[in-house]
């Protein structure tokens, strides 16, 4: 019951946050048409000499959530055959404990607070600082993406470098489908582009944490429901077995009494 309540809250938060992320993506795609991409510092980072990737792994702080964490671990181990060029940022104590036992993987940061969603700003500041140094060729996040209460999928989304080609493609499709309109941008597209890109990346991190939490509570509710159903079934079977043994005992006692009486006769 507790997991069901938390699940509904997490699902509502996930569904409510989607329009903002989609709207922000649309806004960036429109602004990108009005400004030179070189105006943003995030688009000028030289990663040609970078040899490593930075990957954010979103797990949970608690267990008893079915295959929630196991699916993440399997996906990571299957995706990264060569882990020598991968550094991890773990979100959730379960991920820290699992990957901390693997000697080949390096954990450069751990965010396992009581409320993982609050950690989104700290995670954002950390990856931006590391990416601007040019030591990482890319930054991505792996998490359980919420689809429905009964369904989720583990996905990997690239945060940096920004996929400008995809944004421009979306923008071109929108411009062809609708009438062309001039945008009035104040103070200027060049001045707000950097902040827009940072807001976009931070919103994607927060969205991944929200989606992961919705999947976690859904998985925990289903795991607890399955455990309850199994316990109820075991109780039913044990009750039938106890009644059967009790009936057998009574039957044997009656047979002994009848046998004794017949012997006396």
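Derivation of every value follows stated rules applied to the coordinates shown; laboratory data play no part. If you're wondering where the values come from, they're calculated on a predicted model, not measured in any experiment. Ideal geometry is used to build each Cβ from the backbone, glycine not excepted, and the neighbour counts take in all protein chains shown.
Extension gain, residue 12 to residue 117, is 36.4 nm, computed as 0.36 nm per intervening residue step minus the present C-alpha separation. Each of residue 251 and residue 78 was given a label point 7 Å from its Cα along the Cα-to-Cβ line. The distance between the two points is 5.2 nm. When only Cα pairs below 8 angstrom with a gap of at least 6 residues are kept, the chain shows a relative contact order of 30 percent.
If both residues of a DSSP beta bridge must be in the chain, then about 35% of such bridges are antiparallel.
Between residue 190 and residue 244, the FRET efficiency estimated from the beta carbon spacing at R0 = 51 angstrom works out to 0.05. As a proxy for reagent exposure, 252, 143, 131, 20 were ordered by neighbouring Cβ count within 10 angstrom, fewest first; the result is 252, 20, 131, 143. Projecting label points 7 angstrom from Cα along Cα→Cβ for residue 38 and residue 264 puts them 11.5 nm apart. Just to be sure I understand the curve: with the Debye formula and one point per C-alpha of the stretch 51-98, what is log10 I(q)/I(0) at q = 0.24 Å⁻¹? Values returned for q = 0.24 Å⁻¹ are -0.89.
Projecting the alpha carbon convex hull of the stretch 181-239 along each direction and taking the average yields 6.5 nm². For the chain, modelled as a GNM whose springs connect Cα atoms under 10 angstrom apart, the maximal fluctuation among 194, 26, 233 occurs at 233. Extension gain, residue 26-residue 235: 0.36 nm per intervening residue step, less the Cα-Cα distance, totals 69.7 nm. Sorted largest first, the spans of the alpha carbon positions of the chain along the three principal axes are 114, 49, 29 Å. Please identify which residues in the stretch 120-159 have an amide N closer than 11 Å to a label point set 7 Å out from the Cα of residue 106, following the Cα→Cβ vector. Only 136 fall inside the zone, counting backbone N under 11 Å.
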